[in-house]
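The values are calculated or read from the model by the stated rules, or taken from the named source; none is laboratory data. If you're wondering where the values come from, they're calculated on a predicted model, not measured in any experiment. Positions of Cβ are generated from backbone atoms using ideal geometry, with glycine treated the same way; all protein chains shown enter the neighbour counts. Accessible surface is based on the protein model in full, side chains and every heavy atom, while ligands, DNA and RNA are left aside. Shrake-Rupley method; radii C 1.70, N 1.55, O 1.52, S 1.80 Å.
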2 protein chains.
Amino acid sequence: MGERLQKTQKSQQRREDILASARELFERKGFANTSINDIAQACGIRRENVYYYYPSRGDILLDLVRPNNQQLVDGMARIIAANISPVAKLFLALQHHVKLFDRVALDTVTVGLRGIAHDDRLSVHKEVKPLYKGYEDRWVELIMEGADAGVLRRMENPKLVVFAILGMCNWLTHWYDPAGPITLDGIVDVFFDLIAGGLLDTSRLRQSLSKELAQLPEELRKPYEGGLSVA
Amino acid sequence: MGERLQKTQKSQQRREDILASARELFERKGFANTSINDIAQACGIRRENVYYYYPSRGDILLDLVRPNNQQLVDGMARIIAANISPVAKLFLALQHHVKLFDRVALDTVTVGLRGIAHDDRLSVHKEVKPLYKGYEDRWVELIMEGADAGVLRRMENPKLVVFAILGMCNWLTHWYDPAGPITLDGIVDVFFDLIAGGLLDTSRLRQSLSKELAQLPEELRKPYEGGLSVA
């Protein structure tokens, strides 16, 4: 093996070590609470060595979340383009988002608003902001397509609906435990139920309506026999 | 004025200065990215002086969010106890939660899971965990009361529904801008619409049903005139 190839392989290995240590730390402590020092210590190299591969923490984060982000965007594009009903698209889009749940990827969102060192914020922002913006736009498209087709309600502010749906999903980062009894599929089912059908129990309303109708006084029982003819 | 009283007043003032600086920093940079040092600098005192008043960052956070948390819990208790319909309770509970939106208070939740120094996490956890747990339980109660009354759908896992609703609201921390055009009242309206009625457009379904019924072939038009008598 040539010396040059060996050097490239060693460099590649080092990069992967840094990413693996960073993922573990970001997942456990969060991006905001992990320093380059922590990462260097975790993979047993010097701080300067980490900087040789990555100019900032933000660049490590970006390298980690890029595959997940690409999957998120590509999958959504496929769903939007599919020749299926808007309701099926809504279900698939929700499932796609929840199944790709990733605490570390969500750090790129939380990084956006508060308190991360300027250079980190800049590099992360520059790459993920347009990407997430495009992703949210696909969601708005989906909701509006459904409304145009007469299948979904036309909401006054579809963007707010999208923020509600994505927020519902992304908040998993604060309670979902992959080792716990609740599965992502179970979450998708409940969330879809809520988003699609809402909480108002129209079936029960129908039942109590039937009951009320059955107990109507005689003169109200068959109004159609009077004014409204069925023949 | 006695020397002792003066000292107490000065101490009280110092405490308020620390809290004000901490609130501004927590709001802007987030709890995770604010050190005791930052707070000391912001109010122009020495680090040791901050520690004299507060043993840890967590205790500062707790002092800040206590009034908001109490309001959250007390208001919810009043809503649950009120003699109003479950739908009205659902709307009021949602409004109550969104209107009390507070990024700094939400830091006590995010603090819970990841990467905050052990002593901070402990003091914050010990106080807010049972409080939020009780608050979530009131929400589950509300959802189940609505189901018992036949007004809300009976969901298999009401706790997941509650997490969905609270997540939808709490995610505001990542996109809501108090200086922006969208008001909290506007958000409550859209979120309630989504939670209560869902996205499926039953009114439009009724319309297309009417259309389809109007175009039925003759033999299907009045089946009730055959088997089903209305007389």
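In table form, for the structure just shown:
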read-out: Scan of segment B:48-66 for residues that are modelled with pLDDT under 90 and open to solvent by 80 Å² or more (accessible area, probe 1.4 Å), ordered by number; value: B:Pro55
read-out: Subset of segment B:184-193 that is free of Cβ contacts under 8 Å to residues at least 12 places away in the same chain and open to solvent by less than 30 Å² (accessible area, probe 1.4 Å) - its residue that is farthest from the other protein chains (Cβ to nearest Cβ); value: B:Gly186
read-out: Segment A:145-163, subset facing another protein chain (nearest Cβ under 7 Å) and β-branched (Val, Ile, Thr), residue nearest to the chain's Cα centre (by Cα); value: A:Val161
read-out: Residue list for segment A:139-159, filter: charged (D, E, K, R) and over 15 Å from B:Leu194 (Cα atoms); value: A:Glu141, A:Glu145, A:Asp148
read-out: Those helices (runs of 4 or more DSSP H) lying entirely in segment B:27-89 with at least 1 residues in contact with a Leu (Cβ under 7 Å, 6 or more places away or on another chain); value: B:36-42, B:57-81
read-out: When residues of segment A:90-108 are limited to those that are at pLDDT below 85 and assigned to a helix (DSSP H, G or I), the one surrounded by the fewest Cβ atoms within 10 Å (Cβ to Cβ); value: A:Val104
read-out: So A:Gly180, is it among the small types (Gly, Ala, Ser) and at the interface with chain B (Cβ under 9 Å from one of its Cβ atoms); value: no
read-out: Residue match in segment B:29-47 (condition: at pLDDT below 90, within 14 Å of chain A (Cβ to nearest Cβ) and at positive phi); value: yes
read-out: Condition met for A:Arg14 (in a helix (DSSP H, G or I), in contact with a helix residue (DSSP H, G or I) (Cβ under 7 Å, 6 or more places away or on another chain) and farther than 30 Å from A:Ala179 by Cβ); value: yes
read-out: B:Pro223 being at pLDDT below 90 and not assigned by TED's automatic domain parsing to the domain that holds B:Leu106; value: yes
read-out: Residue within segment A:6-16 that is under 22 Å from A:Asp102 (Cα atoms), surrounded by fewer than 17 Cβ atoms within 10 Å (Cβ to Cβ) and either touching a Gly at 6+ places or on another chain (Cβ under 8 Å) or among the hydroxyl-bearing types (Ser, Thr, Tyr) (or both) present; value: no
